[in-house]
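Here's the structure we're looking at; comments come further down.
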Amino acid sequence: MIPRLYCREPIVGGSIFLAPEAAHHALRVLRLRRGDEVILFDGSGGEWPGRLCGEGRGLQVELGEWRSVEREAALAVTLAQALPGADKMDWVVQKAVELGVARIQPLAAQRSVVRLAGERAEKRRAHWQQVTIAACEQCGRNRMPLLAPLLPLPDYLVQAGEPGGLRLLLAPQGGRQLSALPRPTGPVTLLVGPEGGFDEGEEQAARLAGFQPVTLGPRVLRAETAGLAAIAAAMALWGDF
């Protein structure tokens, strides 16, 4: 499989110098050498095949012809995930990108174990953005899914209350099955709670904002598992699986 590298700057053709972090990844992590094939993408769609040339900080890629290759899901899914504990959000972001989500919205809920604000929140978001990039490099996506800033759940629900799209609240205590829902004609939002789930007030607020409860079966899934299982099920029912 030809290695893929993300470029932060728009690619226009000819040849391009790799940014220091991309050059380091190519040389030190992937162990690539002069003349090796690579594929570049800038997150706006399509990809550029090319070959490495130059050395060290002067590492360049001689580009071939742009290819209009798209691997985005037909179903636009937003994962609105209340922060799970420890570093589990890294895994959630990585796998959600691989499964094809269009947008990830991190949320702070009453029972969220991890508490982030200010500079810490921005640093964690920058880290999750790197996880997103690496996942796109691995899975072949040429468009970067949107990683939204962390929001308190009440603030998010005010925004999500606008009409349009299918809003689903994962409710381990009951709800309709995904397979019982009609095929959506627009985007789908999956709202997932933290460990212990949303409290009663949060669930009520979500319902008032238009989220309808759905179940993934008789077993209770962990906070970091439920959203990913729901994405996979939605893609199997209505997407490109």
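Every Cα-Cα pair of region 153-223 was included, and the share exceeding 21 Å stands at 22 percent.
Note on the chain: with charges restricted to the Cβ of Lys and Arg (+1) and Asp and Glu (-1), its dipole about the Cα centre is near 320 debye. Any chance you could tell me what percent of the C-alpha pair distances in region 4-63 go past 14 Å? More than 14 Å apart: 46 percent of the Cα pairs in region 4-63. Pairing the Cα long axis of helix 223-238 with the longest principal axis of the chain, what angle in degrees results, from 0 to 90 and rounded to the nearest 10? Helix 223-238 sits roughly 80 degrees off the main axis of the chain. Across the chain, the relative contact order, built from alpha-carbon pairs under 8 Å that are at least six residues apart, equals 21 percent. One chain, two ends: Glu9 and Asp36. Fully extended at 0.36 nm per residue, the span grows by 7.6 nm beyond their Cα-Cα distance.
Each peptide among 47-53, 31-37 gets the average number of other Cβ atoms lying within 10 Å of its residues, and from highest to lowest they stand as 47-53, 31-37.
If you take the Cα centroid of region 93-157 and the Cα centroid of region 26-91, the two points sit 18 Å apart.
With r defined as the distance between the Cβ atoms of Gln212 and Arg28 and R0 fixed at 51 Å, what FRET efficiency is calculated, to the nearest 0.05?
Numbers: r = 48 Å, r/R0 = 0.95.
It comes out at approximately 0.60.
Per the Debye formula on identical point scatterers at the alpha carbon atoms of region 33-152, with no solvent, log10 I(q)/I(0) at q = 0.09, 0.11, 0.22 Å⁻¹ is -0.32, -0.46, -1.16. State the percent of C-alpha pairs, over all pairs in the chain, separated by a distance greater than 31 angstrom. Every Cα pair in the chain considered, those over 31 Å come to 31 percent.
Defining a contact as two alpha carbons under 8 Å apart and six or more residues distant in sequence, what relative contact order in percent does region 4-63 show?
On the way: 99 pairs, mean separation 24.3, N = 60.
Contact order relative to length: 40 percent.
Mean-square fluctuations from a GNM of the chain, with a 10 angstrom spring cutoff on Cα atoms, peak among Arg183, Arg222, Arg28 at Arg28. For the chain, adding -39500 (n - 2.57) for each run of n ≥ 4 DSSP H residues and dividing by the number of residues yields -9500 deg cm²/dmol at 222 nm.
Computed from backbone phi, the HN-Hα couplings of region 91-98 come to 5, 4, 4, 4, 6, 5, 5, 4 Hz, rounded to whole numbers (Karplus: 6.51 cos²θ - 1.76 cosθ + 1.60, θ = phi - 60°; Gly and Pro given as x). Summarising the label geometry, the points placed 7 Å from Cα in the beta-carbon direction at Leu221 and Glu122 lie 3.5 nm from one another.
Rule-based calculations on the coordinates, nothing more; no lab input. Please read all numbers here as calculations on a predicted model, not as lab measurements. Here the Cβ is made from the backbone with ideal geometry for all residues, glycine too, and neighbour counts use every protein chain on show.
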